[in-house]
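Take a look at the structure set out below.
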Amino acid sequence: MTLAELIARAQETLRTAIATRQAAQDQLTALRSDPNLTEDAVTERRQARDTADAEVTRAQKSLDELLEEQRREEEIAALSARTEPTGTRAPAYDRVARVGAEERTYRQDQDPRGGAFERDVAAAFLGDYEARDRLSRHMQEERTIRGDQLRAVGTGAFSGLVVPQYLTDMYAPAVAANRPFADAIRGHELPAQGMTVNISRITTSSSVASQASENTNVSETDMDDTLLTIPVQTAAGQQTMSRQSIERGAGTEPIVIDDLFRRYATNLDGTLINQASTGLSAAATAVTYTDATPTTAELYPKVIEGLSGVEAALLDQASGDNLAVMHSRRWYWMQNAMGNTYPLITQPGVVAQTLGANYAEAYGRGVRGILPNGTPVIVDNNIATNLGAGTNEDEIYLGDRNEFHLWEDPNAPMYIRAEQAKAASLGVLLVVYGYFAYTHSRYPHARKISGTGLITPTFTGV
């Protein structure tokens, strides 16, 4: 597990601890207003609150240690970059562009629309030597700051065509559903070779029974296993760019690569959920919710029914680390519900007067909230919304996080930059690809809530 993943887990643990502590404090406050208050009851609630306090302190300390480790790693990486030998002598003081304390030639606060830059480009064409000097100075600054994004061939012909960064860094990338579910489940490193992953599953177990009488044979059943063969799949995409767009543009190649990476992540996550036969939707056992006028209060018992089925399928192999995975439209619909009744059983971290809790996290940033029984919610818009007879239903998936398995190449996605293939048309071929394998069937356990109760939601407050 990477340091970033450990930090994310520690942050989630801290959030849960804070919610638990707040719930304990709320219960203590409510108890103090009870006319039948007893000192023992207050002491018990206070101890529960203090225990929750200690857990918050422990979780905060753990997170602080990880953040300090991350900060130190970043310092070491920066130090390593500064001290990397180059094999060449450093240029003299007056032969290098310095951008730290010195003012940039073109500044966003003085020229937000880039008018001065455009005027200098035009003036340089007409022979204005001062304009050419400013453009040349600007290019030295750009090479110092963005040298890894600029190419000498593209800037040598006419340096002024490299646009100042502040005029291009507000580009709007295409939105992507990305990979919320894939990031939440149990990850493994894909084996270095082979196009299948094989898992042995015990499908016939041994047996134990009460002995009929002394010196009689005891129960014996021959164990047997069945091989679960999981194919390694390849996800890939390509884009052909003109050399002009790369060599005369500002950071165009990283923009295209970033978009390919985002499409790769979205495709992988969508495959995990929607692929025929093996995807989560196909592998999960249905819990049907049929209702012409669905409400959140009526849907919630179906969630509990599904989680009951998950535990019944896993028994002693259940980790208890369950997930509810749903589309964002379903999560917001559940939040819109209002009622005058409360859950009969409160859970750690959930205030009794609420139907779950929303963590107010942005899309794709991990757990979005928890349901009344403490099950965390992952929101993933790769879930289809055109299901059912009316092609307007989505599904809610329930399962054990540790029994959703994803194998990925540690270097995925990989990146190929091929110039020769498109040389005749001055094109550069960019290809992104990666290998992965997954299964939700090591122990078939997942449940999905489906049916007319999950049609396109209407936000009516119920």
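Figures for the structure shown
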{"quantity": "Candidate aspartates and glutamates for bridging to residue 448, where Cα separation is under 12 Å - those fewer than 8 sequence places away on the same chain excluded", "calculated": "305, 394, 395"}
{"quantity": "Sites residue 274 and residue 212 - FRET efficiency at Förster radius 60 Å, r taken between beta-carbons, to 0.05", "calculated": "0.70"}
{"quantity": "Exposure proxy order (Cβ contacts within 10 Å, fewest to most) of 181, 261, 436, 459", "calculated": "459, 261, 436, 181"}
{"quantity": "Summed residue charge, Cβ within 14 Å of residue 285's Cβ, Lys/Arg positive, Asp/Glu negative", "calculated": "-2"}
{"quantity": "Pair residue 392, residue 419: separation of 7 Å Cα→Cβ label points (nm)", "calculated": "5.5 nm"}
{"quantity": "Gained length - residue 233 relative to residue 412, 0.36 nm times residue gap less alpha-carbon distance", "calculated": "63.2 nm"}
{"quantity": "R0 of 56 Å, Cβ-Cβ distance residue 462-residue 316: FRET efficiency to nearest 0.05", "calculated": "0.90"}
{"quantity": "Footprinting exposure proxy for 435, 415 (fewest neighbouring C-beta atoms within 10 Å first)", "calculated": "415, 435"}
{"quantity": "Net length gained if the chain between residue 226 and residue 129 were fully extended (0.36 nm per residue, minus Cα distance)", "calculated": "27.0 nm"}
{"quantity": "Added length on full extension, which subtracts the Cα-Cα distance from 0.36 nm per residue, residue 365 to residue 188", "calculated": "61.7 nm"}
{"quantity": "For residue 310, net neighbour charge (Lys/Arg +1, Asp/Glu -1) across residues whose Cβ lies under 14 Å away", "calculated": "-1"}
{"quantity": "Net charge over other residues, Cβ less than 13 angstrom from the Cβ of residue 432 (K, R count +1; D, E count -1)", "calculated": "-1"}
{"quantity": "FRET efficiency, residue 332 to residue 109 (Cβ-Cβ, R0 60 Å, nearest 0.05)", "calculated": "0.95"}
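Taken together, the values in this text are just the output of simple stated rules run on the coordinates, not laboratory data. Predicted model only: the values in this text are computed from it and were never measured. Note: ideal-geometry Cβ built from the backbone for every residue, glycine included; neighbour counts use all protein chains shown.
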